[in-house]
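The values are calculated or read from the model by the stated rules, or taken from the named source; none is laboratory data. Here the structure is a predicted model, which means the values were calculated and not measured. Counting neighbours? That spans all protein chains shown, and the Cβs are built from the backbone with ideal geometry, glycine included. With ligands, DNA and RNA removed, areas are computed over all heavy atoms of the protein, side chains included. Shrake-Rupley method; radii C 1.70, N 1.55, O 1.52, S 1.80 Å.
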Amino acid sequence: MTPPDRSLLALDRPAMEALTAELGVPKYRAGQIAKNVYQRFCRTFDEMTDLPAALRAQLVEKLAWPDLKIDGMQHEPMGPTDKLLLTLADGSKVEAVVMGNKNRPPTLCVSSQVGCPLGCKFCATGLMGFKRNLTYDELFGQIWLLFAYLRREQGLKTAPNIVFMGMGEPLLNRKNLFA
């Protein structure tokens with residue numbers, strides 16, 4: 001069987017509704033899928049226990065689950081900041097940061113590129129060179145993964161703030177960033 005080429009996190013609500021129509025299941029199932037992904041932060045289709053087993057099997061065939069992994073974490077001893085090393089599906093590595101804020105939700109700082117094309121001499125990322133822009137689902141996947149981590153590990157109930165790493169570089173990936 002060929003692995004699916006459509007990512008679950010690349011689907012907005014209308015696309016989820018189109019998928020349920022394509023699969024011949026009621027439209028309300030799109031809402032259940034969205035709830036499982038964005039409120040329950042399920043990490044597999046099997047965790048979506050409010051969906052029939054047959055539908056979960058169809059989703060496995062149609063959609064790729066985000067292939068983004070936390071490979072390392074460094075906690076800043078002087079403050080509530082965690083740096084995370086993430087590995088993308090193609091093996092590329094990016095960093096993301098969770099910055100704790102006193103009396104406010106945390107801020108998620110995510111990458112928009114693998115490497116950087118600007119080559120600033122003071123920046124380690126700039127010195128490593130530019131590999132590629134992240135896709136929409138890789139950008140959103142970082143946010144989803146970090147929010148899920150905060151929800152599971154720290155019991156976060158509110159939405160975090162989101163910023164993109166770098167000064168102007170995220171704008172070099174405007175198409176995927178704005179999506």
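The phi torsions of region 149-157, fed into the Karplus equation with coefficients 6.51, -1.76 and 1.60 and a -60° offset, translate into couplings of 4, 5, 5, 6, 7, 10, x, 4, 9 Hz, rounded to whole numbers, with Gly and Pro shown as x.
The relative contact order of the chain comes to 17 percent, based on Cα pairs under 8 Å that sit 6 or more residues apart. Of 156, 134, 84, which has the largest mean-square fluctuation in a 10 Å C-alpha GNM of the chain? Comparing 156, 134, 84 in the GNM, the peak value goes to 156.
Residues whose amide H falls under 5 Å from that of residue 162, counting only those 5 or more places apart or on a different chain, are 108, with hydrogens built in the peptide plane. The Cα-based radius of gyration of region 22-85, divided by its Kirkwood radius, gives an Rg/Rh of 1.17.
Relative contact order (percent) for region 26-120, with alpha-carbon contacts under 8 angstrom and 6 or more residues of separation? Don't jump to the answer; show the numbers that get you there.
Numbers: 105 pairs, mean separation 13.2, N = 95.
Rounded, it is 14 percent for region 26-120.
In this rough spin-label picture, where each label sits 7 Å from Cα along the Cβ direction, the residue 104-residue 158 distance is 1.0 nm.
Largest first and in whole Å, give the semi-axes of region 61-153's equivalent ellipsoid, each being the square root of 5 times a Cα gyration tensor eigenvalue. All intermediate terms of the calculation are to be shown ahead of the outcome.
Details: eigenvalues 96, 84, 23 Å².
Values for region 61-153, descending: 22, 20, 11 Å.
Rounded to whole Å, the principal axis extents of the Cα atoms in region 1-57 read 26, 24, 22, largest first. Our coupling estimate for region 15-32, obtained by passing each phi through the Karplus curve with A = 6.51, B = -1.76, C = 1.60 and θ = phi - 60°, is 5, 5, 5, 5, 5, 5, 5, 4, 7, x, 10, x, 4, 4, 5, 4, x, 5 Hz, Gly and Pro reported as x.
Could you tell me which of the pairs 62/157; 131/175; 35/69; 35/175 are separated by over 28 angstrom between their Cα atoms in the structure shown?
Values: 62/157 31 Å; 131/175 17 Å; 35/69 22 Å; 35/175 26 Å.
Pairs exceeding the cut-off: 62/157.
Averaged per residue, what accessible surface does region 36-179 expose to a 1.4 Å probe, in Å²? If you can, show how the numbers build up before the last one.
Working: 8140 Å² over 144 residues.
With the other protein chains kept in place, region 36-179 gives 57 Å² per residue.
A quarter of the convex hull surface defined by the alpha-carbon atoms of region 106-179 gives 5.3 nm² as the mean projection.
Between region 107-178 and region 1-71, what is the separation of their alpha carbon centroids in Å? Comparing the Cα centres of region 107-178 and region 1-71, I get a distance of 24 Å. Remark: region 62-69, residue by residue, has Karplus-estimated 3J(HN,Hα) of 8, 10, 8, 6, x, 9, 9, 10 Hz, where x stands for each Gly or Pro and the curve is 6.51 cos²θ - 1.76 cosθ + 1.60 at θ = phi - 60°. Close amide H pairs (under 5 Å, H built 1.01 Å from N) link residue 81 with 76, 100, residues at least 5 positions away or on another chain.
Stokes-Einstein diffusion for region 86-129 at 10 °C, viscosity 1.306 mPa s, with a Kirkwood radius from C-alpha pairs, works out to 131 µm²/s. Translational diffusion coefficient, Stokes-Einstein: compute it for the chain using the Kirkwood radius over C-alpha pairs as Rh, at 4 °C and 1.567 mPa s, and state it as an integer in µm² s⁻¹. Taking Rh from Cα pairs, D becomes 73 µm²/s.
Using a 1.4 Å probe on the protein chains only, how many percent of the accessible area of region 1-44 belongs to carbon and sulfur?
The C+S portion of the solvent-accessible surface of region 1-44 is 53 percent.
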